[in-house]
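No value in this document is a laboratory result; all are computed from the given coordinates. The structure displayed is predicted, hence computed values, not measured ones. Cβ placement follows ideal geometry from the backbone for every residue including glycine, while neighbour counts extend to all protein chains displayed.
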Amino acid sequence: MDNKVLAVLNGREITQRELDETILKFPQERQSYLRTEEGRKQLLDEIVNFELIYNYAKDNNMEADKDYALQMERAKKEILTQVAIAKLLSQVKVSEEELENYYNNNKNMFMKEETISAKHILVDTLDKANDVIKCINEGMTFEEAANKYSKCPSKSSGGNLGEFGKGRMVPEFEKAAFSLEVGVISAPVKTQFGYHIIKIESKNPASIIPLDEIRNDIRIQLLQQNQKKRYMEFTNELKNKYSVEIK
């Protein structure tokens, strides 16, 4: 990494690495500007200004100021508390047995819904729908018919609607689609949009997501639960150790 010295103030070097590390402390949208030539110059000026004020404060013995001492004590208290909490929570673990038991006892939470993959042709009238079905029965492929006759934008991809579960389509379409067998072309189905001719490409029955696919998600969830539980237990232990009076 380039660690070029960008400025020297009262003997302290301000380097490229320090500037880059400072940039990373800003929100993502701000970082883009700070990486430009103008942004870097502006940030370097600000770092220099802070160093100047820091030196001024030390030279004028502001460390003895009561406000400084009070803020330092507050900062020390906050940092020390956070260190203690982090140490406590780092001791909390999730065992493989606990993870597997949770999965086995809550399989209803890990259900993958039933889905189908379908294509359709949408036309305005029942007569037109029947004419299209006749064309398909006489040898035209479903995809060719969709491209030629359908008024749905999916016509450009042979009427392909992709994979979907229940609740995604209007009720009449959904009822017909989920009752069809793979490869069978439906009779015309009327909805508010017109008349649909439906073909099911594949069916994917409801199933339980394998543990290996969601192991990490479960581990994170259980870890958060265990950490919260340990935190509450620990603070209750401390309430018995130290005097607490809430008024």
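May I ask for the angle, rounded to the nearest 10°, between helix 211-241 and the longest principal axis of the chain, with both axes built from Cα atoms and the value confined to 0 to 90°?
40
Of Ile136, Ile79, how do they rank once you tally other Cβ atoms within 10 Å and put the fewest first? Kindly include the intermediate steps, with their values, before the conclusion.
Values: Ile136 18, Ile79 10.
Final ranking by Cβ density, sparse to dense: Ile79, Ile136.
Calculate, in nm to one decimal, what Thr141 and Leu223 gain on full extension: separation in residues at 0.36 nm each, minus their alpha carbon distance. Present the calculation step by step, with values, prior to reporting the outcome.
On the way: separation 82, 0.36 × 82 = 29.52 nm, distance 5.39 nm.
Length gained, Thr141 through Leu223: 24.1 nm.
What is the diffusion coefficient of region 128-232 in µm²/s, taking the Kirkwood radius over Cα pairs and the Stokes-Einstein relation at 4 °C with a viscosity of 1.567 mPa s?
Details: Rh = 16.9 Å.
Translational D for this selection: 77 µm²/s.
With runs of 4+ DSSP H residues as the only contributors, calculate the mean residue ellipticity of the chain at 222 nm using -39,500 (n - 2.57) per run, divided by the residue total and rounded to the nearest 500.
On the way: 9 runs with 133 residues, N = 247.
It comes out at -17500 deg cm²/dmol, rounded to the nearest 500.
May I ask for the percentage of alpha-carbon pairs in region 1-95 that lie more than 23 Å from each other?
On the way: 2351 of 4465 pairs.
In whole percent, the long-distance tail amounts to 53.
Across 10 Å bins from the origin, how do the percents of Cα pairs in the chain run, short distances first?
Using 10 Å bins, I get a P(r) of 6, 16, 13, 12, 15, 15, 12, 8, 3, 0 for the chain.
Once the piece of chain linking Asn108 and Val48 is laid out straight, how much longer is it, given 0.36 nm per residue of separation minus the C-alpha distance between them? Please report the intermediate quantities before stating the final value.
Working: separation 60, 0.36 × 60 = 21.60 nm, distance 5.93 nm.
15.7 nm is the gain from fully extending Asn108 to Val48.
Using r as the Cβ-Cβ distance of Glu37 and Ala69, and R0 as 30 Å, what FRET efficiency do you calculate, to the nearest 0.05?
Working: r = 41 Å, r/R0 = 1.38.
About 0.15, to the nearest 0.05.
Once you place label points 7 Å from the Cα toward the Cβ at Asp127 and Ser243, how far apart are they in nm?
9.6
Using only Cα atoms and rounding to the nearest 10 degrees, what angle (0 to 90) does helix 126-137 make with the longest principal axis of the chain?
Orientation of helix 126-137: about 80 degrees from the principal axis.
May I ask you to list the residues of region 177-196 whose amide nitrogen lies under 12 Å from a point 7 Å from Cα along the Cα→beta-carbon direction of Lys134?
Taking a point 7 Å out along Cα→Cβ of Lys134, no residue of region 177-196 has its backbone N under 12 Å.
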